[in-house]
1. In whole Hz, with x marking every Gly and Pro, tabulate ³J(HN,Hα) for the range 90-98 from phi via Karplus 6.51 cos²θ - 1.76 cosθ + 1.60, θ = phi - 60°.
2. Once amide H atoms are built 1.01 Å from N in the peptide plane, which residues 5 or more positions from Thr68, or in another chain, come under 5 Å H to H?
3. Can you list the HN-Hα couplings for the range 111-123, worked out from phi with the Karplus curve (6.51, -1.76, 1.60; θ = phi - 60°), rounded to whole Hz and with x for Gly and Pro?
4. Roughly how big is the chain's charge dipole about its Cα centre, with Cβ charges of +1 (Lys, Arg) and -1 (Asp, Glu), in debye to the nearest 20?
5. Output ³J(HN,Hα) for the range 62-77: one whole-Hz value per residue in order, computed from phi by the Karplus curve 6.51 cos²θ - 1.76 cosθ + 1.60 with θ = phi - 60°, and x for Gly and Pro.
6. In the chain, if the dipole is taken from +1 on Lys/Arg beta carbons and -1 on Asp/Glu beta carbons about the Cα centre, which of Ser63, Phe88, Thr51 is farthest to the positive end?
7. Run the reach check for Lys95 against aspartates and glutamates, Cα to Cα strictly under 20 Å, same-chain hits fewer than 8 apart removed. What comes back?
8. Sort 112-121, 32-41 for me by packing, meaning the mean count of neighbouring Cβ atoms within 10 Å per residue, highest on top.
Amino acid sequence: MPITVHIKGLDDVLGELRKVEPEAKRAVANVLREKARAIKEDAKKRCPKDTGALSESIRYTVSRRTLTAAVHAGGKKVRGIDTYYAHFVEYGTQKMRARPFLIPAGRAHEDETLEALTDALYKVLEG
C-alpha cells in the first residue's frame with residue numbers, strides 16, 4: 001500500500017516563487033557579475049607578469065539565462081601575443097612549476113559570493 005504525503009499550501013508557495021522568479025534571476029545575475037569582476041581583478045593581481053599579456057587576457061562572462069559566471073584566462077591574442085599558455089602557468093608542466101593565479105582568486109571569493117547570493121535571494125523573497 002503506497003504512502004502519500006500532502007503538503008498544504010505548497011501550491012501557494014510555488015505560485016509566489018514563480019512571481020518573484022524574474023526578480024530573483026536579475027538579483028542573482030547582478031551578484032554573479034559583481035563577484036566575477038572581483039575575481040577577475042584578484043586574478044590579475046595574482047597573475048605572474050612577464051609581458052603582461054596573460055594578465056590582460058583575464059576576463060569574465062555571466063549568463064542571465066543559465067545563471068552562471070566564469071572567469072577565463074588566455075586563449076586570445078593581446079597586443080599581438082597569443083596567450084594560449086595560461087593553462088601551463090596555472091597548472092605547470094613537467095619542466096615548469098605551477099604558478100596558479102585563477103583558481104586561488106576564485107577560492108578566495110567563494111564565501112563572500114555565497115553570502116552575497118544568499119542575501120540577494122533573501123531580500124527578493126522577503127520583499
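The values are calculated or read from the model by the stated rules, or taken from the named source; none is laboratory data. Keep in mind it's a predicted model, so treat the numbers as computed, not measured. Neighbour counts run over all protein chains shown; Cβ positions are idealised from the backbone, glycine included. The protein model used for the area step is the full one, side chains on, heavy atoms only, and it has no ligands, DNA or RNA in it. Shrake-Rupley method; radii C 1.70, N 1.55, O 1.52, S 1.80 Å.
1. Each residue's phi maps through the Karplus curve to give 5, 9, x, 9, 5, 10, 9, 5, 5 Hz.
2. HN-HN under 5 Å from Thr68: Ser63.
3. Those phi angles translate into 4, 5, 5, 4, 5, 5, 5, 4, 4, 5, 5, 4, 4 Hz.
4. 820
5. So the Karplus estimates, Gly and Pro as x, are 9, 10, 6, 5, 9, 6, 10, 9, 9, 10, 10, 9, x, x, 8, 8 Hz.
6. Thr51
7. Of all the aspartates and glutamates, those that pass the test against Lys95 - Cα under 20 Å, at least 8 places apart if same chain - are Asp50.
8. 32-41, 112-121
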